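Below is one structure; the comments refer to it alone.
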Amino acid sequence: MKEIFATLGPACREKDILKEMFKRGMDGMRLNLSHTTLKESADLLKTYHQAAAEAGKQAELLIDLQGPELRTAKPAGPVILAEGEKAVFTAAAGKEIVLPETVFSALETGDILLIDDGTIECRIETKEDNMVTGAVLRGGTLNARKSVKVIGKDLAGPLLTEEDMENIRHMKEYGVTAVMQPFVTDGAQLSQLRQILDKNDGREVRIFAKIENRRGIRELASITEHADMIVIARGDLGNDMPLWQLPRAQKEIEDVCLARGVPFLVVTQMLASMIHSPVPTRAEVSDIFRAVTEGASALMVTNETAVGEYPAEVIRYLKNTSLSAEEYLRKRGL
């Protein structure tokens, strides 16, 4: 049976909804710590564990660390960036959009800046000591702490932030069973993480290594030596290459994992249309079926359950499509 993971959020914070998700086949949930902490989520996690107990499930809790991913600073409110307009960026707090210093210092005129998993795209036009301007090529609404990437530049923050370390110190109190490490690019990072987890009473905590760029793919052999699960994180991975290359990249990762006997999880837009629709597209269920028949050990949805309108239905389609794929494999002795 494949592991089925969802993501905690406002749309599924009620106990009855969580119980229904467990009953429909959910095995565990991811908590994105880019926007909160374990302590701030204490009430939600208490409800989550109560729902699991009442549904008769031993629930997995995956915490998705901040890690080396670079993000915008939290704005005072939503910032609307319209196509064709100019955007202003800085590295210091102000009215402009605040970028990490690592990103700001690396920007040059002509660079393409992707924000929020590529939802927003800007071309840098001018740069002064304290300010950068860019033309908005693809617009959108910018909210708190969204991912930032400069195409063609390999930029990253520290392996773990101070907030990550604080969350790791308290992970056992909240029933954490796995840690998702973003933007893994070599096995040494996971070796270091393993030592930190072990020192914080986390010897049984699994490490899920998120592959989110081409460098991670190139170093996959060393990464698999230290990972309990490889995560094919197609959001940022798709920002690091033309989208038409993403299916090939996914298959290359799968092939390495299968050859080395390391389980892998597929995530990102598995059922994205169900954020607002009670029924998925044909392409989405086909994507799920393909992932399972190609050897995935686990599947995960994110915004579909965190902020979507039909979280329990999402799990129903994810689980049942997975079961259909497993039945196909069994009948063919695969």
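Every number in this text was worked out from the coordinates using simple rules, so none of it is lab data. Because the structure is predicted, anything quoted here is derived from the model rather than measured. Glycine gets a Cβ as well: all are built from the backbone with ideal geometry, and neighbour counts include every protein chain shown.
Quick one: which of Lys149/Lys251; Lys57/Lys199; Lys86/Lys127; Lys46/Lys172; Lys46/Lys199; Lys127/Lys149 span more than 22 angstrom between C-alpha atoms?
With Cα atoms farther than 22 Å apart: Lys149/Lys251; Lys57/Lys199; Lys46/Lys199.
Tell me whether segment 99-226 comes out rounded, prolate or oblate; compute the Cα gyration tensor, take square roots of the eigenvalues as a ≥ b ≥ c, and use a/c under 1.5 as the rounded threshold.
On the way: a/c = 2.56, a/b = 1.98, b/c = 1.29.
Since a/c reaches 1.5 and a/b is larger than b/c, the shape of segment 99-226 is classed as prolate.
Along Cα→Cβ, 7 Å out, is where each label goes; now give me the distance between the ones at Arg13 and Val88 in nm to one decimal.
A separation of 3.4 nm, rounded to one decimal place.
Would you mind calculating the gained length between Thr37 and Thr119 on full extension (0.36 nm times residue separation, minus the Cα-Cα distance), in nm to one decimal?
27.0 nm
So what J values fall out for segment 230-243 if you push phi through Karplus, 6.51 cos²θ - 1.76 cosθ + 1.60 with θ = phi - 60°, rounded to Hz, Gly and Pro as x?
Values, residue by residue: 8, 9, 7, 8, 6, x, 5, 4, x, 7, 9, 7, x, 4 Hz.
Taking neighbour counts of Cβ atoms within 10 Å as a proxy for exposure, in what order, fewest first, do Phe208, Phe289, Phe5, Phe89 appear? Present the calculation step by step, with values, prior to reporting the outcome.
On the way: Phe208 29, Phe289 16, Phe5 26, Phe89 22.
Taking fewest neighbouring Cβ atoms as first place, the list is Phe289, Phe89, Phe5, Phe208.
Work through the residues other than Pro263 whose Cβ is under 13 Å from its Cβ and net out their charges, Lys, Arg +1 and Asp, Glu -1.
-1
Give me the one-decimal nm value for the distance between modelled label points at Glu173 and Asp255, 7 Å along each residue's Cα-to-Cβ direction.
Computed distance between label sites Glu173 and Asp255 equals 4.7 nm.
For Ser297, what is the net charge nearby, where nearby means another residue's Cβ is under 12 Å from its Cβ and Lys, Arg count +1, Asp, Glu -1?
-4
Rounded if a/c is under 1.5, else prolate if a/b is larger than b/c, else oblate: which is segment 79-150, with a ≥ b ≥ c the root eigenvalues of its Cα gyration tensor?
Here segment 79-150 falls in the rounded category.
Give, to the nearest whole percent, the P(r) tail of segment 165-246 beyond 14 angstrom, counting all Cα pairs.
Every Cα pair in segment 165-246 considered, those over 14 Å come to 61 percent.
Under 8 Å for C-alpha pairs, at least 6 residues apart: give me the relative contact order for the chain, rounded to a whole percent.
It comes to 20 percent, rounded to a whole number.
Segment 51-121: which trypsin sites (Lys or Arg not before Pro) are DSSP loop and have at most 14 other beta-carbon atoms within 10 angstrom?
Lys95
Between Lys331 and Thr126, what is the spin-label point distance in nm, taking each point 7 Å from the Cα along the Cα→C-beta axis?
So the two model labels end up 6.5 nm from each other.
Would you mind classifying segment 182-325 by shape? Square roots of the alpha carbon gyration tensor eigenvalues, ordered a ≥ b ≥ c; an a/c under 1.5 is rounded, otherwise it is prolate if a/b is larger than b/c and oblate if not.
prolate
Applying a 10 Å radius around every beta-carbon, put 218-226, 125-133 in order of their mean neighbour count, most first.
Ranked by mean Cβ neighbours within 10 Å, highest first: 218-226, 125-133.
Given charges of +1 on the Cβ of Lys and Arg and -1 on the Cβ of Asp and Glu, with all other atoms neutral, how large is the dipole of segment 79-150 about its Cα centre, in debye to the nearest 20?
180
Among the aspartates and glutamates, which have Cα under 19 Å from the Cα of Lys331 when same-chain residues fewer than 8 positions away are ignored?
Glu294
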